[in-house]
Amino acid sequence: LKKVDKYLDKKSFSIYIKNTNSWYPTSNRALYDAEMLAFSLIQEDTIVVSKNNFIKKLKKLMDDDKFKKSLKKEAGSEQISTRVNSIKGLLINK
């Protein structure tokens, strides 16, 4: 949870809305799972992205159709895997 807070702060578990350039005011359960799992699976010393770059990449990811669908569909192994692996990828790639 400390890692999530360090990289996302008040944006944790919230969907970015490109049209309004803002973060949705309530948490998204699917995004909560994805962020918590991704951050728990990665050691902090292996995170290579800066906080600002992570947020920038996360905003872009939230505009990706496949990722957006994974946040809305019923929980299933493929959807969960898509969400978690997408967030993990942001953390370990500059």
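The values are calculated or read from the model by the stated rules, or taken from the named source; none is laboratory data. The model shown is predicted, which means the values in this text are computed figures rather than measured ones. Every residue, glycine as well, gets a Cβ built from its backbone with ideal geometry; the counts of neighbours run over all protein chains shown. Surface areas here come from the heavy atoms of the whole protein model, side chains and all, with no ligands, DNA or RNA. Shrake-Rupley method; radii C 1.70, N 1.55, O 1.52, S 1.80 Å.
What is the residue count in segment 64-94 for residues that are charged (D, E, K, R) and closer than 11 Å to ALA38 by Cβ? The qualifying residues number 2. When segment 30-72 is limited to residues that are in contact with a helix residue (DSSP H, G or I) (Cβ under 7 Å, 6 or more places away or on another chain) and without any contact (Cβ under 8 Å) to a residue 24 or more places away in the chain, the one that is farthest from ILE15 (Cα to Cα) turns out to be LYS66.
Taken over segment 46-94, the criterion of being at pLDDT 90 or above, aliphatic (A, V, I, L, M) and assigned to a loop (DSSP other than H, G, I, E, B) is satisfied by ILE47, VAL48, VAL49, MET62. Filter segment 11-64 down to the residues that are over 18 Å from ARG83 (Cβ atoms) and of a type in the set (Ser, Thr, Tyr), then identify the one that is least open to solvent (accessible area, probe 1.4 Å). Among those that are over 18 Å from ARG83 (Cβ atoms) and of a type in the set (Ser, Thr, Tyr), it is SER22. Being open to solvent by 30 Å² or more (accessible area, probe 1.4 Å) and closer than 14 Å to ILE17 by Cα is the filter here, so list the residues in segment 65-94 that pass it. Residues satisfying the conditions are ASP65, LYS68.
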